[in-house]
């Protein structure tokens with residue numbers, strides 16, 4: 001038990017030393033008359049009107065994309081023009097309408113309103129709003145919606 005306390009104290013001392021080094025480095029950077037790094041960094045996401053679509057697209061930095069763990073999957077064309085989408089991609093708007101985010105360019109994601117024909121387990125059958133070949137966001141869509149709604153982004 002005594003060894004556990006020493007390990008905890010050593011870890012606390014290491015954290016304190018690292019924090020002190022960070023404060024010292026930050027203090028020196030402040031004395032140089034330069035701008036603090038946090039002020040120079042680009043926001044991890046921004047909204048851009050791309051093309052003639054009615055909704056601006058969310059454009060992420062590579063760091064922003066990694067932070068939210070964004071993943072996509074291709075949609076699957078079914079008979080009769082129906083598109084199969086993973087359930088994880090489906091979002092519900094406050095008015096009850098349904099939407100997905102589509103990867104429309106490098107680090108660019110656009111919200112598409114879709115008409116859901118039916119849902120069966122992990123599959124959503126979409127009758128309108130998507131075309132074969134599109135890639136929908138299956139992880140990170142809620143974060144994109146947050147950016148779209150102005151949560152935590154500089155526009």
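Things to note:
- Selection from region 58-94 of residues that are more than 15 Å from residue 109 (Cβ to Cβ) and in contact with a helix residue (DSSP H, G or I) (Cβ under 7 Å, 6 or more places away or on another chain): none
- Residue that is under 17 Å from residue 112 (Cα atoms) and at pLDDT 90 or above, where the choices are 83, 50: 83
- Screening the candidates 112, 92, 87 for the property of being within 21 Å of residue 48 (Cα to Cα), in the same structural domain as residue 63 (by TED's automatic domain parsing) and more than 14 Å from the chain's Cα centre (by Cα) yields one hit, 112.
- In the set 101, 112, only one residue is out of contact with any helix residue (DSSP H, G or I) (no Cβ under 9 Å at 6 or more places or on another chain) and either surrounded by 15 or more Cβ atoms within 10 Å (Cβ to Cβ) or assigned to a strand (DSSP E or B) (or both); that residue is 112.
- Out of 136, 126, sole residue that is under 20 Å from residue 54 (Cβ atoms), more than 20 Å from the chain's Cα centre (by Cα) and in a strand (DSSP E or B): 126
- Within region 77-92, considering residues that are loosely packed, with under 14 Cβ neighbours inside 10 Å and in contact (Cβ under 8 Å) with a residue 12 or more places away in the chain, the one farthest from residue 123 (Cα to Cα): 81
- Residue list for region 115-144, restricted to those being surrounded by fewer than 18 Cβ atoms within 10 Å (Cβ to Cβ), in contact (Cβ under 8 Å) with a residue 40 or more places away in the chain and either in contact with a helix residue (DSSP H, G or I) (Cβ under 8 Å, 6 or more places away or on another chain) or not assigned by TED's automatic domain parsing to the domain that holds residue 60 (or both): 127, 139
The values are calculated or read from the model by the stated rules, or taken from the named source; none is laboratory data. Since this is a predicted model, take the numbers as computed values, not measurements. Quick reminder, even Gly has a Cβ in these numbers, built from the backbone with ideal geometry, and neighbours come from all protein chains shown.
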